[in-house]
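Here is the structure we will look at, set down as C-alpha cells.
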Amino acid sequence: MYTYWIIFISIAVLSWLVQANLKRKFEKFSKIPVDGGLTGRDVALKMLHDNGIYDVQVISTNGSLTDHYNPMNKTVNLSEDVYGTCSVAAAAVAAHECGHAVQHARAYAPLKMRSSLVPVVSFASNWMMWILLIGMLTLNAFPEIMLFGIILFAATTLFSFITLPVEIDASRRAVSWLNEAGITNYRNHNAAVSALRSAAYTYVVAALGSLATLLYYVMIFLGRRE
C-alpha cells in the first residue's frame, strides 16, 4: 500500500509539473506571431478546406484551453484566446482540433472507438464514485456493488488510453499540415511541435493516474489493503 501511495503522489506531482509546463509554453508561444497574420479561426478554416472538409463550422467558445472538436454537430470550438489571435500557439491549437475533424472525415478507427464509449463513460463519470463509496462501505456484505464500480472505473480508464492515439494522431496531422501549408517557418514550426507535445503529455499522465487509481480499487476489492 505504501508503494501505491508513492506512485499516486508521484503521478500527482508529475501532472502538476506537466500542466505548469504546458501553461508556460502556451503563454510564451502566444507572443510569437505566425507569418501572414492568420488567426486561429483562419488557420482552422484553411486546414479544413485543404482537406476537402466544408461541412464543419469553426466557432468561438468561452474559457481558456477549452478548445475541442464536437463530432455530433461538426464544429471546431476554439477558445477566445485562440479564435481571434495570430500566434504560434493559436495556430497549433486550431490545427490540432481540425486534426480531429480530419480523423472524423476519414473514419479514423481509434476516434470511432472513443466515440462509441462516450455514452458509457458519461454514465460512469456521473455514478462510479458514489457506487465505489457504497461498495467500500458494504464490501463484505455486497461485494457486487464494489465490482460494478470497478467495472465503471475501468471503462473510464480504457477511454483515457484510447484517447492517447487519438490526440497524438491529431497533433501529427496538425504539425504535418502546418509545415506543408507554410503557416509556420522553421523556428515557429519547432515551437508548434513543442507546444503540442506538451499538451500530449497531459493525456499520458491522466491515463497513468486513472490506471493507478483503478488498481487501488482492485486491491481493496481483493482484500489486499494493508
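Note on residue 12 and residue 151: the extension gain reaches 47.7 nm, defined as 0.36 nm multiplied by sequence separation minus the Cα-Cα distance. Taking a Cβ cut-off of under 15 Å around residue 166, the surrounding Lys, Arg, Asp and Glu residues balance to a net charge of +1, with basic ones at +1 and acidic ones at -1.
Our estimate of slack between residue 125 and residue 31, defined as 0.36 nm per intervening residue step minus the Cα-Cα distance, is 30.1 nm. Projected over all directions and averaged, the alpha-carbon convex hull of the chain occupies 13.1 nm². When DSSP beta bridges are restricted to pairs lying wholly in the chain, around 40% turn out antiparallel. Taking a quarter of the surface of the Cα convex hull of the range 36-154 gives a mean projected area of 8.9 nm². Neighbour counting of Cβ atoms within 10 Å sorts the residues 189, 96, fewest neighbours leading, into 189, 96. Return, ordered by residue number, the residues of the range 35-70 whose backbone nitrogen is under 20 Å from a label point located 7 Å along Cα→Cβ of residue 202. Those under the cut-off are 40-41, 44, 59-70.
Each reported figure results from applying straightforward, stated rules to the coordinates on display, with no laboratory input. Everything numeric here is computed off the predicted structure, so don't read it as measured data. Here the Cβ is made from the backbone with ideal geometry for all residues, glycine too, and neighbour counts use every protein chain on show.
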